[in-house]
1. Give the residues of segment 1-42 that are in contact (Cβ under 8 Å) with a residue 40 or more places away in the chain, surrounded by fewer than 16 Cβ atoms within 10 Å (Cβ to Cβ) and either in contact with a His (Cβ under 9 Å, 6 or more places away or on another chain) or over 18 Å from G74 (Cβ atoms) (or both), sorted by residue number.
2. Could you check how many residues of segment 62-84 are in a helix (DSSP H, G or I) and of a type in the set (D, E)?
3. Being under 16 Å from the mean Cα position of the chain (by Cα) and not in a strand (DSSP E or B) is the filter here, so list the residues in segment 1-16 that pass it.
4. May I ask you to list the residues in segment 43-61 that are assigned to a loop (DSSP other than H, G, I, E, B), surrounded by 10 or more Cβ atoms within 10 Å (Cβ to Cβ) and β-branched (V, I, T)?
5. I'm trying to understand the selection: among the residues of segment 57-82, which are free of Cβ contacts under 8 Å to residues at least 40 places away in the same chain and of a type outside the set (V, I, T)?
6. Please find, among A97, A112, A87, A101, the residue that is outside any helix (DSSP H, G or I) and either in contact (Cβ under 8 Å) with a residue 24 or more places away in the chain or charged (D, E, K, R) (or both).
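Each value in this text was obtained by applying a stated rule to the coordinates, not by laboratory testing. Everything quoted here is computed from the prediction, not taken from an experiment. Using ideal geometry, Cβ is built from the backbone for each residue, glycine included, and neighbour counts are taken over all protein chains shown.
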Amino acid sequence: MTKYLISFPSAAMDIPADELPAVASAAHAVVQEAKDAGVWVFGGGIDESVPPVMVDGGGLVREGTYPQTTQLDGGYSILELPSYDAALGWAARMAAACRCAQEVRVFQYDPAS
């Protein structure tokens with residue numbers, strides 16, 4: 001089966017503060033559905049209070065990130081599914097729960113893993 005990344009940026013969740021508990025509850029329910037279905041691999045939100053760093057092959061650490069990814073935030077889920085259509089279905093469930101559109105990406109198959 002193929003792994004899919006389903007994600008959204010933080011800015012997409014333009015939700016009033018008093019509605020956040022309901023959104024969190026709905027999102028947790030979809031995650032539980034994915035776990036119960038045996039398709040959940042991993043998920044979570046980027047901790048935006050911790051700035052990104054770059055680490056090179058020699059172990060040198062510097063602040064920042066690649067210029068094309070200056071903003072990487074929001075929520076991410078990885079599901080292992082039988083088809084692209086199944087990924088779109090799960091993305092729709094997540095979009096309804098989070099009240100924002102979800103981006104779907106396909107991980108390349110790696111025969112060595």
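1. Correct list: M1, T2, A29, E33.
2. 0
3. Residues satisfying the conditions are P9, S10, A11, A12, M13.
4. Restricting attention to segment 43-61, the residues satisfying the condition of being assigned to a loop (DSSP other than H, G, I, E, B) are 46-52, 56-60.
Okay, now just the ones that are also surrounded by 10 or more Cβ atoms within 10 Å (Cβ to Cβ), so 46, 48, 52.
Listed by number, the list holds a single entry, I46.
5. G57, G58, G59, L60, R62, E63, G64, Y66, P67, Q68, L72
6. Values: A97 fails: outside any helix (DSSP H, G or I); A112 fails: either in contact (Cβ under 8 Å) with a residue 24 or more places away in the chain or charged (D, E, K, R) (or both); A87 fails: outside any helix (DSSP H, G or I).
The conditions single out A101.
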